[in-house]
Amino acid sequence: MSDSQSSVGSVRRGRHCFRGERAIILTSRTQENPGRRFWRCKNFKSADDCDFFDWIDLPSTDAKDIAIGRLRVKISTLNGLVLGGAVPCAVAVPCAVAVP
């Protein structure tokens, strides 16, 4: 099993810190990792300070990546129709869009 698959499974099952406490899922708000999710012990920076920390790395085929792939196919198809003359090109609308 790959690391990404095991990470997804651990999200569903939950994780525990080094002391056996159930960890919580938080979202990074830093510039280096904006929106990246991670596990942390609920006792972080408390009297029972626990330094458990682990990133949650989801597979790259999440919903956003699937949507981006579909949109790229759609852009390519529409560019082909416009450039092939099947659809008249309006002056106010760009006729071709570059796909990275």
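The values are calculated or read from the model by the stated rules, or taken from the named source; none is laboratory data. Given the structure is predicted, the values throughout are model-derived calculations rather than measurements. Reconstructed Cβ throughout: ideal geometry from the backbone, glycine too, with neighbour counts over all protein chains shown.
Structure above, values below:
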quantity	calculated
Of the criteria (1) surrounded by 14 or more Cβ atoms within 10 Å (Cβ to Cβ); (2) modelled with pLDDT of 85 or more; (3) not acidic (Asp, Glu), which one residue 78 fails	(2)
Any hit, the stretch 58-71, residues being of a type in the set (Asp, Glu) and modelled with pLDDT under 85	yes
